[in-house]
Amino acid sequence: MFLNNCWYAAGWDYELIDGRMLSRTILEKKILFYRGDSGKVIALEDRCCHRGAPLSIGRREGDDVRCMYHGLLFDPSGKCIQIPGQEKIPPTLTVRSFPAHGKYGLFWVWMGDPAKADPDNIIDLPYMDNPMWKGIPDYLHYDANYLLIIDNLSDFAHLAFVHTNTLGGSEEYAFVTKPVSVERLDDGFRVERWHMNGDAPPFHRKVIPNKNDKVDRRNIGHMRIPGVFSLESMFAPAGNGAEKGNLEGAREYRNCQFITPETRKTTHFFHIYLNNFEGDDHNISRSLRDSLMEGFMEDKHIIEYQQEMLDADPDFELKQIAADVPLSHFRQTLSKMIEDERNGQTSPSVQATPRIHDPVPGGARKPSREAVF
Ligand code: FES
Ligand SMILES: [Fe+2]
């Protein structure tokens, strides 16, 4: 169902400010997240091992947390270190702790074997902590399985129809067949798509001076296991030779999205839309955040209905079109990793990204609903 031995984005740093104790369900486990006085992010099972009270309504004491039912105190490793009125502490009094780490303004959690958790393997997105790139972090909750959201982000074909008036621009975008390249990676895929001499889409038009100028548009989408998507978008003045490397007058975006299963049927979606041209004009970040949210609500609307339809008929078989090649590859790769993990085999590191196939879409395979339900 889920891959455990990997880092999942669990929340934005701002959610833990001022000593906040955050209860969040990740992969169907209730976890308490907090930042201790040491500055470390701590993740403990959100259930006291004594009588099951939630630790998230307990009291943080430095890096420790006290259950406010009978007062047991737990350290960041989950070990009970104090029982009021009792000297001897049985070693069985522990709650599970999860490796956690802060990076890129997010805190991350490792749900599998703690011995395998290496923070250096958290995905590399250097623009997330480069001050040249500006954006506003945000969150959306989905009543849908995480794979349906990954499918949606893996597919540019829906831009034109779901997002005609927000992110897409026009239905024409869907009918572009070239140049598109899909690279199947062993931890996901990379898609590159150009659209020449088109109108700027509405979200971009709102933040540029020459709104009616035609643009050459390049999108590079990169989806990596377990569900980290980055979309590098570039809009250059049409005909300037951007495809040959002339980026004069180009404006760029880095759209970073983190999809983390909450349960089988619900998903956390963390996102930030970075731009490299706003300077001190924070209205640009705000406008982009609002436009993106508007777009994501369009996705949410159709994906949550899709989930309802799929739930209503578990025998319904999905069919495939060429635009589904990336998402099919992603599902197959992830399913194989989950299977290997269950069988105790080691999958290739989810951070390695060698190219393993020629980047040409096609070769329809049987679409899979495995791991959705
Ligand atoms: S339930 Fe937590 S101390 Fe008793
Ligand atoms: Fe979308």
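A few notes on this one:
- Screening the range 50-98 for residues that are among the aromatic types (F, W, Y) and buried (at least 16 other Cβ atoms within 10 Å of the Cβ) and picking the one that is nearest to ligand 2 (Cβ to nearest atom) gives F98.
- Residue ID - nearest to ligand 1 (Cβ to nearest atom), chosen from residues in the range 256-293 that are within 27 Å of G188 (Cα to Cα) and of a type in the set (D, E, K, R): E262
- Test result for L167, assigned by TED's automatic domain parsing to the domain that holds G279, modelled with pLDDT of 95 or more and either surrounded by fewer than 17 Cβ atoms within 10 Å (Cβ to Cβ) or not in a strand (DSSP E or B) (or both): no
Residue-by-condition table, conditions (1) within 16 Å of ligand 1 (Cβ to nearest atom); (2) touching a residue at least 12 places away in the same chain (Cβ under 8 Å):
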{"site": "H70", "(1), (2)": "yes, yes"}
{"site": "P76", "(1), (2)": "no, yes"}
{"site": "I83", "(1), (2)": "yes, yes"}
{"site": "T94", "(1), (2)": "yes, yes"}
{"site": "H101", "(1), (2)": "no, yes"}
{"site": "D113", "(1), (2)": "no, yes"}
{"site": "D118", "(1), (2)": "no, no"}
{"site": "I122", "(1), (2)": "no, yes"}
{"site": "D129", "(1), (2)": "no, yes"}
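- Remark: pairs (first residue in the range 1-26, in contact (Cβ under 8 Å) with a residue 24 or more places away in the chain; second residue among the basic types (K, R) and assigned to a helix (DSSP H, G or I); Cβ separation under 9 Å; 6+ apart in sequence or on different chains) = N5/K116.
Residue-by-condition table, conditions (1) part of a helix (DSSP H, G or I); (2) of a type in the set (S, T, Y); (3) more than 23 Å from the chain's Cα centre (by Cα):
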residue	(1), (2), (3)
N5	no, no, no
T25	no, yes, no
K30	no, no, no
A43	no, no, no
R47	no, no, yes
S56	yes, yes, yes
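- Subset of the range 202-230 [closer than 30 Å to R184 by Cα and without any contact (Cβ under 8 Å) to a residue 40 or more places away in the chain]: V215, D216, R217, R218, I220, H222
- Applying the condition of being surrounded by fewer than 16 Cβ atoms within 10 Å (Cβ to Cβ) and out of contact with any Gly (no Cβ under 9 Å at 6 or more places or on another chain) to the range 1-18 and asking which residue is nearest to R224 (Cα to Cα) yields M1.
- Answer residue from the range 10-62, given it is polar (S, T, N, Q) and within 19 Å of H141 (Cβ to Cβ) and is farthest from ligand 1 (Cβ to nearest atom) among those: T25
- Within the range 147-163, residues that are more than 22 Å from A200 (Cβ to Cβ) and in the same structural domain as D299 (by TED's automatic domain parsing) sit with their Cβ atoms under 8 Å from residues that are more than 10 Å from ligand 2 (Cβ to nearest atom) and of a type in the set (G, A, S), at 6+ positions apart or across chains, in these pairs: L147/A371; I149/G227; I150/G227; S154/G221.
- The sole residue among R224, R286, R264 that is basic (K, R) and more than 30 Å from L3 (Cβ to Cβ) is R286.
- Filter result (in a strand (DSSP E or B) and of a type in the set (S, T, N, Q)) within the range 245-283: N255, Q257, T260, T267, N275
- Flag if A238 is under 20 Å from H158 (Cα atoms), in contact (Cβ under 8 Å) with a residue 24 or more places away in the chain and of a type outside the set (S, T, N, Q): no
- D187 vs. criteria within 26 Å of Y104 (Cβ to Cβ), modelled with pLDDT of 90 or more and not assigned by TED's automatic domain parsing to the domain that holds W110: yes
- Test for G62: is it modelled with pLDDT under 95 and either out of contact with any Ser or Thr (no Cβ under 8 Å at 6 or more places or on another chain) or not aliphatic (A, V, I, L, M) (or both): no
The values are calculated or read from the model by the stated rules, or taken from the named source; none is laboratory data. Note that the coordinates shown come from a computational prediction; the quantities given were computed from them, not determined experimentally. Please note: Cβ atoms are built from the backbone with ideal geometry, for glycine as well, and neighbour counts cover all protein chains shown.
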